[in-house]
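First up is the structure itself, then whatever we jot down about it.
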Amino acid sequence: AQKVTQAQTEISVVEKEDVTLDCVYETRDTTYYLFWYKQPPSGELVFLIRRNSFDEQNEISGRYSWNFQKSTSSFNFTITASQVVDSAVYFCAPVYGGSQGNLIFGKGTKLSVKP
Amino acid sequence: EAGVAQSPRYKIIEKRQSVAFWCNPISGHATLYWYQQILGQGPKLLIQFQNNGVVDDSQLPKDRFSAERLKGVDSTLKIQPAKLEDSAVYLCASSPDRGRSPLHFGNGTRLTVT
C-alpha cells in the first residue's frame, strides 16, 4: 500500500535553531508530487512547498529548504533560524495515482519553537 | 481572491442525529475535496469531486455519509445517523486541477458527537 511516514511525533526547539522534519514515503508510481503543509493552532492547512518526483534539485526558499532523495524515498523539510510563529503541525503529503490527485497525509510532526 | 468558505465552524450533536456541512470553493476550482481529521491524526480523504462528478469516494462510509456538489460549485457533506467516532474536524479543499496544484483548505467544521 502506498503510504507516508513521519517518524517524529513532536519536536521542541529554541528560537533561532535550525530544525529538520523527516518524511519517508512508499510508492510504486514513477511519477508523483510531494507536498508539505503547515497546520498552525488556528487549524487551517497552509501549503508550503511542492516537489515533482522527476526533479531532484533541492531548493531554498527564504528560511525553508527541502531535501528530496528519490533513491531513499525521503522528502525532508528544514526550517532555518526557527521562529515562534513556526510552531505548528507539519504534514508531508505525497500525491499518488498520476492525475488522480489524492493527497495521502502523514500523521504529522508537531513543532514547538520556544522563545 | 476569496478562500474556501465552510460553515458552520462548530457543531455539537447527539449520536444518531444528523448533521450537514457546507463548502464554497475558490471560484473556478474544478476539484473539490472533503477530508476528515480526527484529533492527533492527519487528514483522511472522504470524497473527491471533479466539477459535479464523484472521482473517488472509496473511503466514504456510505451507510451514513453522503455528499453532493450541485452545479459543480458548492458542496454539502451529510452524516446520518452520527456516531461518537465521527467526532472530528471536517475540512473542505479545492484545487484548479487534480494532482499538480496545491490544495486550498477552508478553516474546517469541528464536529462533536456526544
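Laboratory data are not the source of any read-out in this text; all were calculated from the coordinates shown. Being a predicted model, the structure only gives us computed values, none of them experimental. Don't worry about glycine lacking a Cβ; one is built from the backbone with ideal geometry, like all the others, and counts go over all protein chains shown.
Quick notes
- Only Lys, Arg, Asp and Glu carry charge here, each on its Cβ (+1 for the first two, -1 for the last two); on that basis chain A has a dipole of about 180 debye about its Cα centre.
- Given charges at Cβ of Lys, Arg, Asp, Glu: chain A dipole, positive-most of A:N102, A:V4, A:S82: A:N102
- Whether chain B is rounded, prolate or oblate, judged on the alpha carbon gyration tensor where a/c under 1.5 counts as rounded: prolate
- For segment A:16-24, 3J(HN,Hα) per residue [Karplus equation, 6.51 cos²θ - 1.76 cosθ + 1.60, θ = phi - 60°, Hz, x = Gly/Pro]: 5, 6, 8, 9, 10, 9, 8, 8, 10
- Sequence of A:D29, B:D57 once ranked by neighbouring C-beta atoms within 10 Å, starting from the fewest: A:D29, B:D57
- Charge dipole magnitude, Cβ of K and R +1, D and E -1 - the protein assembly as shown, Cα centre, debye nearest 20: 580 debye
- Inter-centroid distance (Cα atoms) of segment A:11-29 relative to segment B:52-89, Å: 32 Å
- Within chain B: Cβ-based charge dipole about Cα centre, in debye rounded to nearest 20 (Lys, Arg +1; Asp, Glu -1): 220 debye
- In this structure, the amide hydrogen of A:S112, modeled 1.01 Å from its nitrogen in the peptide plane, lies closer than 5 angstrom to those of A:I11, A:S12, A:V13, counting only residues at least 5 positions away or on a different chain.
- Fraction of beta bridges assigned by DSSP in chain B that are antiparallel (%, nearest 5): 90 percent
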